[in-house]
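Take a look at the structure below.
The values are calculated or read from the model by the stated rules, or taken from the named source; none is laboratory data. None of these values were measured; they are calculated from a predicted model. Reconstructed Cβ throughout: ideal geometry from the backbone, glycine too, with neighbour counts over all protein chains shown. The accessibility values were calculated without ligands, DNA or RNA, using every heavy atom of the protein model including side chains. Shrake-Rupley method; radii C 1.70, N 1.55, O 1.52, S 1.80 Å.
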Amino acid sequence: LSSAPADVAYLRSVLPSTTEDAFFDYLATLDASEVTVSAVPEGSVVFARVPFLQVKGPLLVVQLLETTLLCLVNYASLVATNAARFRLLAGPNMKLMEIGLRRAQGPDGALSASKYSYIGGFDCTSNVLAGKLYGIPVRGTIAHSFIMSFNSLEEVQPRELLPLAGGEPVDLPVLAKSWLQRVCELLQTLPEKANRGELAAFVSYAITFPHDFQGLLDTYCVRRSGLPNFCAVALALHQLGYRAIGVRLDSGDLAQQSKEIRGVFRACGAHFQVPWFETIPIAVSNDISEQSLEKFSQEGSEIDMIGVGTNLVTCPLQPSLGCVYKLVEVNGSPCMKLTEEEEKMTIPGTKTIYRLYDAAGHPFMDLMALEEEPSPSAGQELAIRVLGQLGETSKVVPATVEPLHRTYFRDGQVCEPLPSLLEVRNHAQVSLSLLSPVHRRLHEPQPYPVAVTERLHHLLTELQQASQ
């Protein structure tokens, strides 16, 4: 934490002329060695009112950190949470691809969205730069514009492909055209209805990437054109020893079409004696939302991968996350923000946060205690006050107690090994899996209780009364 001379000079130009020189001298010598930062591990599930970050240090320094820290955690937490919701709806086996680069709030927002959607449970991204910077698996498919750029098989150059096992090169456009006739006979469609430009695009792509051939089926018509053209090229590749890797749909009734496409793949696999054809992966996109995933589940589908863009990176259900950064203690004296709305009051004092687990291994409550209080123990009865019900004392007996905060920065140095992005992603998924189903469900979840100890409640009451 330091200020360059140019930064200090700029502040001089915008702050009131009466600002003392000593203030700018102080800014030029800012020192972070007195700052301590504790937080819940990245990727942890955090509930409302629970402080997930605690900063200690000289007042001016920690005040200067407020906007920076909130900027860093708000959007990141929002996207990771949104991604986790998609993962919960999709289930553990569905492949999820983040494709929001074109709709994100600029390149910085896009990179953040790729990174934090991966933490939230997505498997891959179409953002190549995010893959380079963060090591996120990169995936993509053919573009409509690529398919539309072809008009006929005569445009395909080069035309020949070597069989995988070796031998003489084969004219793939001719082979694919012959397979198209056979596929259309099986499907009882007319070969002349299959768009030749689309077939040429598929053939050209297959010659360039014979091990990675995939098709985008809905540029013209899925049933009459995209599907038979894809099958023809995929079967031609199979004849030469290669396997197609998948198809994508980007319009229409995705669930119904996926079932129809799977039926065609099974028919082709059985008729032409190509067993692997039946399991060709089907990917879908097209403004996918949470409601889309619920519909896929309700109606049933043959979808293997889902690409989510706009509704992931722009978070339309909640466009911003309202994390706040509040002063709770000055020079050893607890302080609190008072308001007529209890949920907006701050909880005073330097605190330790504990997560309490039941015998089944599910967290059932987060507990805030003053830092100097003894740690609660497993099997020990605790007297607590649940936020929102502070007038009533409750008794709980946790089977396991977990302190949530770890100290990551002290004396100017990072003091805790920082996990890799993959480790953070795995931790996030484990954290979500530990939640009780009543807290994890997305529709009408049971509120997760957050409580304070009796001693902390007594402090809160004292400060309230002192202000009256």
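Here are a few things to note about the model shown:
Condition check ((1) surrounded by 12 or more Cβ atoms within 10 Å (Cβ to Cβ); (2) farther than 25 Å from residue 139 by Cβ) across all residues:
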| position | (1), (2) |
| --- | --- |
| 308 | yes, no |
| 314 | yes, no |
| 318 | no, yes |
| 321 | yes, yes |
| 327 | yes, yes |
| 336 | yes, yes |
| 339 | no, yes |
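- Subset of region 401-414 (residues that are surrounded by 13 or more Cβ atoms within 10 Å (Cβ to Cβ) and not in a strand (DSSP E or B)): 404, 405
- Residue that is most open to solvent (accessible area, probe 1.4 Å) [pool: residues in region 158-185 that are over 15 Å from residue 200 (Cβ atoms) and assigned to a loop (DSSP other than H, G, I, E, B)]: 168
- For region 90-119, the tally of residues that are closer than 17 Å to residue 292 by Cβ and within 10 Å of the chain's Cα centre (by Cα) stands at 4.
- Total residues in region 346-386, condition of a type in the set (A, V, I, L, M) and open to solvent by 30 Å² or more (accessible area, probe 1.4 Å): 4
- Checked across region 417-427, the condition of being part of a helix (DSSP H, G or I) and charged (D, E, K, R) holds for at least one residue.
- Residue count for region 237-252, restricted to those that are out of contact with any helix residue (DSSP H, G or I) (no Cβ under 9 Å at 6 or more places or on another chain) and more than 12 Å from residue 303 (Cα to Cα): 2
- The lone exception for residue 456 - which of (1) open to solvent by 40 Å² or more (accessible area, probe 1.4 Å); (2) assigned to a helix (DSSP H, G or I) it fails: (1)
- Test result for residue 215, on the phi > 0 side of the Ramachandran plot and outside any helix (DSSP H, G or I): no
- Screening residue 293 on (1) assigned to a helix (DSSP H, G or I); (2) more than 17 Å from residue 249 (Cβ to Cβ) shows it passes everything except condition (2).
- Here the condition is being closer than 30 Å to residue 423 by Cα, within 31 Å of the chain's Cα centre (by Cα), not charged (D, E, K, R) and not in a loop (DSSP other than H, G, I, E, B); of 50, 37, it holds for 37 alone.
- Residue in region 128-136 that is assigned by the TED database to the domain that holds residue 292, more than 13 Å from the chain's Cα centre (by Cα), open to solvent by 20 Å² or more (accessible area, probe 1.4 Å) and under 20 Å from residue 306 (Cα atoms) present: yes
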